[in-house]
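Structure record follows, encoded as C-alpha cells.
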Amino acid sequence: MKMFEYMGKELFAKYGLPVPKGRMVTNPEEAAKVAAEIGGPCVVKSQVLSGKRGKAGGIKFPNTPEEAKKAAEEVLGMTIQGLPVECVLVEEKLKIDKELYMSITIDGSAKQAVMIASAFGGMDIEEQPEEHIIKKHIDPELGMHPFFARDVVRRMGIPIRSPHGQEIVKIVQVLYKICVEKDAELVEINPLVFSDDRVIAADSKVTIDDDALFRMKDLPFVDDKTPEERAAKDLGLSFVGLDGDIAVMANGAGITMGTLDTLQAFGGTPANFLDCGGGTGREATAKALEILFGLNPKAVFVNIFGGITRCDDVANAVADVYKARGNKFPVPMVIRLIGTNQDAGRAILKEIGVEAYDFMEDGARRAIELSKA
Amino acid sequence: MAIIIDENTNVLVMGITGRQASFHTKQMLAYGTKIVAGCTPGKGGVEVEGVPVYNSVREACENHRIDASVIFVPAPGTKDAAFENLEAGVPVVVIVTEGVPVYDEIQIVAYAKRKGAIVLGPNTFGIVSGGKCKIGIPPNQYFVEGNVGVVARSGTLTYEITGNLTANGLGQSTVVGMGGDRAVGLTFIDVLKMFEKDPQTKAVVLIGEIGGNNEEIAAEYIKEMTKPVVAFIAGKSAPPGKRMGHAGAIIERGKGTYKGKVEALTAAGAKVAPLPFDVPALVKEALGMK
C-alpha cells in the first residue's frame, strides 16, 4: 500500500525525523491559513500516488497566503497521470544547500533489506552513475547499529563530526526502525536536504507491505487500487488491467502470466491478469468471474490446472454464474480444466453444456477465435 | 537418488487439522509420502488420516525422526510455525502459505541459514521426487519418476510444464518449488548445484518469471554446468510496474524484464522455450532423444 507524501511525513515526524513545517489541506482557504502560519515563502504540493508531479504542474511556490490560496485552487482538481488531486500539502519553502538520496527497500536476491544512499539526490536515483550510489545490506539477525549509519555517512563523503553527519547517523537508524515496525517495503527520502545546519526530509515515499496490513491497524488506509483491483483484492485475488479483449482467469501467478503470453503469441490480446489461485473457493471464484464480465470482453478464457485449487469448486462457480444469469453467459466462455478433482469438475460443466479443454493451447486458440468472431 | 527428499523422508504436517492441510495430507499419503506426524497446537492426541497429531514440533520430534516439515498455517502464524520447526532441528521446511509479510520471510530465511536448514517457500507448491515422495500441494498424477530435474518459482505453471513432460514420456528426478515471494529460502543456483551433482538428473528445466534478477544470476552458474538446461520465463506480455500476482513478479525501474532474462540464459547456453508446451521438445533434443 503506497502512502501519500503527507502521510509518510507524518509517520517520519512521529519517529522524530525532521520534516518541513506545514500540513495537508483539502481547500484553498485552509491553504492560505497554513501559509499564514508559516509566514514566508511556501510550497504547495499536489498529493497523488505518482511521481512527476512537478513536471505536471502539481507543485507551486507561493510567497504569500493569497498566492497560496490561488496555487491550491489551481492544483486541487487537477488530474496527474489519471489521478485526481484531492488534497495538497502546504509547507515551508526550504533553503536548499545540498540534496541527498536515501532509501531502504527489499533485495529479494539477497533476502535482506538494503539501504541505498547517494550524496547526489533530487533526481531519479536510476539516473545516477553507479559510483554515486551506495548500497549496503542490512543483516536481519544483526539489525541496525550506529556503525552502519556512520559507514553510510563516511561513504557519502560527509564529515562524521559535522552537524549534518550526526543528524544523518540518526536518520539512517530511524529509517530501518520504520521499515521493521511498520512493515514498509520501501521508505524513500528524495531529496534529503541540507538547509543551513538542518537536515530535512523534503519528500517521502513509503510503501507498506500489503501482506502485513493485517497487523498495521494504526496506519491510515490508502486505496491505491483500481475498482477491479480492489474488488479482486477483497476476494483475496490479484488483478491487473490490460488493454485487450479476452478476459483471463487462471490459478497461479505463473500460469496466469503464461496464459497471457500464449494468447499474445497466438495473436490474441488479453484484457487482464486475474490470478484466482491459492485454493479460492466456489463463491469467490463466481464473484471473480463477474469482475471479468464487467470488463466487457469479447471472450473469457478460464485456465485451471488444479493443485490446491479444486476443479469442482471452479466448475460449480461457473455453473452458479451461468444459472444466476438465466442459464447463459454474457460473453463466450472457454474453459480449460484439469488437475485436482477434474472428473467431478468436468461432470458439473457438462450439465450446463460446457465442454472443458485438456490443453491450454487449444483453449487459448478457441478463445482467440471467439474474440474475433 | 533425487535431491532434498526421497522415499525415506519422514514428514511432519504443520497445521494438519485445517481444511487444506488435511485434504493434502490425504493426497500426499496417496502419492506414497511417509507422513509420520502432524502438529496443531491444542489438538494433540487426535489423528488425521491415521497420522498422530501433536501439540508441538518438539513433542513430535521426541516420538519420530522428522526429516521434513510442511507448513499449512495461515500467514499471521507462519513465522512462528517456521521458527518452531527450525528450532527443533527439522532440516527441510516447506512453507506453502501465501501472503507472509516480507520482513517475516527475511527472518525465517536468515534463521534457516544459521541452522543449516533448507527452506522452500513461502508461497511454494512444495517439492516432489518423482514416484518417491511429494511434499506440498501439486496434483499427484502428473509427477512420475525420471531423469529431468525441474526448478521453479511458480506452482501451477510447474504443473503445466511437468504435465507436458510426463505426457511426453519425460519423468522427473525432483521438481523443486522455490516459492513465488521476494524473500524465499533457495535461489536457482542452490538448486542447480544440487541437480548438477545428482546422478539421477540428466537435464534441468528452469521455470522462471519476470522480476528480480534470480534468473540472471543463475545464468552465471549455468555456464559452468555439464548438464543441459531448458528454461521458460513467464511474463513476456506483462506491462512494467505491475505486480503480476507474485510479490516478486514485477518489472521495476527497467529491471527484471523478460528480454534481459532470456538474453542472459541464452548467452549461458540454456535453451529458452517460447511457450510452456515447447519445453518437452527442447528437453528431448538436449538429451539426444528424437
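The values are calculated or read from the model by the stated rules, or taken from the named source; none is laboratory data. No experiment lies behind these values; they were computed from the predicted model shown. Positions of Cβ are generated from backbone atoms using ideal geometry, with glycine treated the same way; all protein chains shown enter the neighbour counts. The protein model used for the area step is the full one, side chains on, heavy atoms only, and it has no ligands, DNA or RNA in it. Shrake-Rupley method; radii C 1.70, N 1.55, O 1.52, S 1.80 Å.
Observations on the model:
- FRET efficiency, B:R19 to A:K233 (Cβ-Cβ, R0 30 Å, nearest 0.05): 0.85
- Potential lengthening between B:K193 and B:R114 on full extension [0.36 nm per residue; Cα-Cα distance subtracted]: 26.4 nm
- Once the Cα atoms are used to define both axes, helix B:78-87 deviates from the longest principal axis of chain B by about 80 degrees.
- Springs between Cα atoms under 10 Å define the GNM used for chain A, and in it the highest mean-square fluctuation of A:R161, A:R282, A:R336 occurs at A:R161.
- Of the accessible area of region A:227-372, computed with a 1.4 Å probe over protein heavy atoms only, carbon and sulfur atoms account for 46 percent.
- Each Lys or Arg adds one and each Asp or Glu takes one away; over the other residues whose Cβ falls under 9 Å from the Cβ of B:G208, this sums to 0.
- List of region B:101-119 residues, accessible area with partners at least 50 Å² below that of the chain alone (1.4 Å probe): B:P101, B:Y103, B:I106
- Partner chain coverage, peptide B:238-249 - average Cβ within 10 angstrom: 6
- Entry note, the protein assembly as shown: the mean residue ellipticity at 222 nm calculated from DSSP H runs of n ≥ 4, each adding -39500 (n - 2.57), is -10500 deg cm²/dmol after division by the residues and rounding to the nearest 500.
- The overall shape of chain B, judged from the alpha-carbon gyration tensor, is prolate: a/c is not under 1.5, and a/b is greater than b/c.
- With all protein chains kept in place, the per residue accessible area of chain B amounts to 35 square angstrom at a probe of 1.4 angstrom.
- If you model region A:227-372 as an ellipsoid using its alpha carbon gyration tensor, with each semi-axis the square root of five times an eigenvalue, the axes come out at 19, 17, 15 Å, biggest first.
- For A:K69, the lysines whose Cα comes closer than 24 Å to its Cα, not counting residues fewer than 8 places off in the same chain, are A:K9, A:K21, A:K33, A:K45, A:K52, A:K55, A:K60, A:K93, A:K95.
- Shielded residues, region A:206-230 - accessible-area loss of 10 Å² or more between chain alone and all protein chains, probe 1.4 Å: A:D209, A:D211, A:F214, A:R215, A:E229
- Modelled spin labels at A:K52 and A:V222, positioned 7 Å past Cα toward Cβ, are 1.8 nm from each other.
- Per-residue 3J(HN,Hα) values for region A:26-36, derived from phi via the Karplus relation 6.51 cos²θ - 1.76 cosθ + 1.60 with θ = phi - 60°, read 10, 8, x, 4, 4, 4, 5, 4, 5, 4, 5 Hz in sequence order (x marks Gly and Pro).
- Amide proton proximity set for B:N10, modelled H, under 5 Å, gap of 5+: B:D67, B:A68
- Here the average projected area of the convex hull drawn through the C-alpha atoms of region A:98-215 stands at 7.4 nm².
- Cβ-based net charge around B:L275, under 10 Å, with every Lys or Arg adding one and every Asp or Glu removing one: -2
- Table column - 3J(HN,Hα) (Hz), region A:159-168, Karplus curve with 6.51, -1.76, 1.60, x for Gly and Pro: x, 5, 8, 6, x, 4, x, 4, 5, 5
- Annotation: amide H-H contacts under 5 Å for B:S237 (H modelled 1.01 Å from N, sequence separation of 5 or more, or interchain): A:D261.
- Solvent exposure of A:S118, expressed as accessible area, is near 0 Å², computed with a probe of 1.4 Å over the protein chains only.
- Highest mean packing first, where packing is the average number of other Cβ atoms within 10 Å per residue, the peptides B:27-38, B:52-63, A:305-316 line up as A:305-316, B:27-38, B:52-63.
- Within the assembled protein chains, the solvent-accessible surface assigned to B:E87 is about 90 Å², based on a 1.4 Å probe.
- Once backbone amide H atoms are built at 1.01 Å from N, A:D107 has A:Q112, A:A113, A:V114 as its partners under 5 Å, excluding neighbours fewer than 5 places away on the same chain.
- Heavy-atom accessible surface of chain B: percent carbon and sulfur, 1.4 Å: 51 percent
- Pairs of Cα atoms nearer than 8 Å and 6+ residues apart set the relative contact order; for chain A it is 12 percent.
- At R0 = 35 Å, FRET efficiency that the Cβ-Cβ distance of A:K2 and A:E361 yields, to 0.05: 0.40
- What region A:227-372 shows is 36 Å² of accessible area per residue, with the surface traced by a 1.4 Å probe over protein heavy atoms.
- Heavy-atom accessible area buried between chains B and A is around 4500 Å² (1.4 Å probe, both sides summed).
- Kirkwood hydrodynamic radius of region A:21-92, Cα pairs, Å: 11.5 Å
- Phi-based couplings in Hz for region B:126-136 (Karplus 6.51, -1.76, 1.60; Gly and Pro marked x): x, 8, 9, 9, x, x, 10, 7, 10, 10, x
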